[in-house]
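Beneath this line is the structure, given in structure tokens, with notes to follow.
The values are calculated or read from the model by the stated rules, or taken from the named source; none is laboratory data. Since the model is a prediction, treat every value here as computed from it, not as a measurement. We place every Cβ from the backbone using ideal geometry, glycine too, and count neighbours over all the protein chains shown. Ligands, DNA and RNA are stripped out before the accessible areas are found, and what is left, the full protein with its side chains, is counted by its heavy atoms. Shrake-Rupley method; radii C 1.70, N 1.55, O 1.52, S 1.80 Å.
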Amino acid sequence: MATTTLCQQHIDERGVARLTLNRPEVHNAFDDSLIAELNAHLAHLHEAATRGEVRVMVLGSEGKHFSAGADLNWMQRMVEYDLEANLADSRRLAEMMQRLDTLPCPTVCRVQGAAFGGAVGLAACCDIVIASEKARFCLSEVKIGLAPAVISPYVQRAIGPRQTRRFALTAEEIDAATGLGLGLVHQVVGHDDLDDEIETMLATLLAGSPQAQRATKALLAEVAREPDSDATREHSCHVISELRVSHEGQEGLASFFDKRAPRWRPPQDDTP
């Protein structure tokens, strides 16, 4: 386990990694230090997931709110930066979002309260978002003369261009139910049930083949880039063919026909 002041990382015996923002006194707002720590943790998790040591990652935070977005003191410092310094700062944030988006294993975002500004991007980069009924989201940047620039590719992919235009231009708050309707959130649960639902989702994900999940996530990213190309179609044929002859593919098919749990499942899960 690695623990830092601003962000905590823990990997349990199941291969579940928890990456937790730990600035509750400022509602887990981003600053350059937190972004640097997140980048370092995500780089480590990327390697661990590629090796199969991390099966699933849960992104969460301490305290009442998920994240208030950019830290006010950090923003005040950025006002004094020149263009090149601002570009360098923005590129580090973009690197963090891209690393989260491309983490090889499934990712689950736990949203217990407000997720404003860049925090909407964190949610949009995760594969699955489970939110408390108390959660709310806001692309708040235009209210202070900015734009949701770095996070825009991920948010637009999640909720579509039409809805992104509205909420990026108005900076309206989005409640949990509306977030569900938009596709930003996958599941809304009672506030006190949030952790139980996260655990239910983890059990569901851990039942899948780790290799197949990594391959599926990479394939879907490729399909999103070029949905109707000969190269994508050929690549999809290679993916399924290689999985069929792989160790986990053979084990999955054998366990299905033998009516037993595949060997990648946790020991306590013996259902077929």
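A dipole drawn for the chain from +1 and -1 charges on Cβ atoms has a positive end, and of Leu206, Gly15, Ser255 the residue lying farthest that way is Ser255. Modelled label positions at Ala224 and Glu47, each set 7 Å beyond Cα in the direction of Cβ, lie 2.6 nm from each other. Packing here is the average count of other Cβ atoms within 10 Å per residue, and on that basis the peptides 91-101, 140-150, highest first, run 91-101, 140-150.
Taking Lys and Arg as +1 and Asp and Glu as -1, the other residues whose beta-carbon sits under 15 Å from that of Leu34 total -4. Applying 0.36 nm per residue to the separation of Lys143 and Val245 and subtracting their alpha-carbon distance, the gain on full extension is 31.3 nm. Whole-percent P(r), the stretch 113-181, all Cα pairs, 10 Å bins from 0: 22, 62, 16, 0. Helices in the chain, meaning DSSP H runs of at least 4 residues, each add -39500 (n - 2.57). Divided by all residues, the mean residue ellipticity at 222 nm is -15500 deg cm²/dmol. Shape analysis of the chain places it in the prolate category; the axes a ≥ b ≥ c from the Cα gyration tensor give an a/c of at least 1.5, with a/b above b/c. Reducing the stretch 168-247 and the stretch 1-79 to their Cα centroids gives an inter-centroid distance of 20 Å. Using a cut-off of 11 Å between beta-carbons, work out the net charge of the residues near Asp192 (Lys and Arg +1, Asp and Glu -1, Asp192 not included). The answer is -4. For the chain, taking a cut-off of 4.7 Å between Cβ atoms, the unpaired cysteines are Cys7, Cys105, Cys125, Cys138, Cys237. Heavy-atom accessible surface of the chain, averaged per residue, reaches 52 Å², computed with a 1.4 Å probe. Using only side-chain charges placed at the Cβ, +1 for Lys and Arg and -1 for Asp and Glu, the dipole size of the stretch 176-224 relative to its Cα centre rounds to 420 debye.
Taken along its principal axes, the alpha carbon cloud of the stretch 162-237 reaches lengths of 43, 37, 13 Å, longest axis first. Seen against the Cα atoms of the chain and their longest principal axis, helix 32-50 is set at about 10 degrees. Rounded, prolate or oblate: which fits the stretch 76-219, taking a ≥ b ≥ c as square roots of the Cα gyration tensor eigenvalues, rounded meaning a/c under 1.5, else prolate when a/b beats b/c? Since a/c reaches 1.5 but b/c is at least a/b, the shape of the stretch 76-219 is classed as oblate. Its Cα centre serving as origin, the chain has a Cβ charge dipole (Lys and Arg +1, Asp and Glu -1) of approximately 420 debye.
With respect to the chain, whose longest principal axis is taken over its alpha-carbon atoms, helix 210-225 is tilted by about 50°.
Sorting 233-240, 19-26 by average packing, meaning the other beta carbons within 10 Å per residue, from highest down gives 19-26, 233-240.
Positive contributions from Lys and Arg (+1) and negative ones from Asp and Glu (-1), summed over other residues with Cβ under 13 Å from the Cβ of Asp101, come out at +2. Relative to the dominant Cα principal axis of the chain, helix 83-101 is inclined by about 30°.
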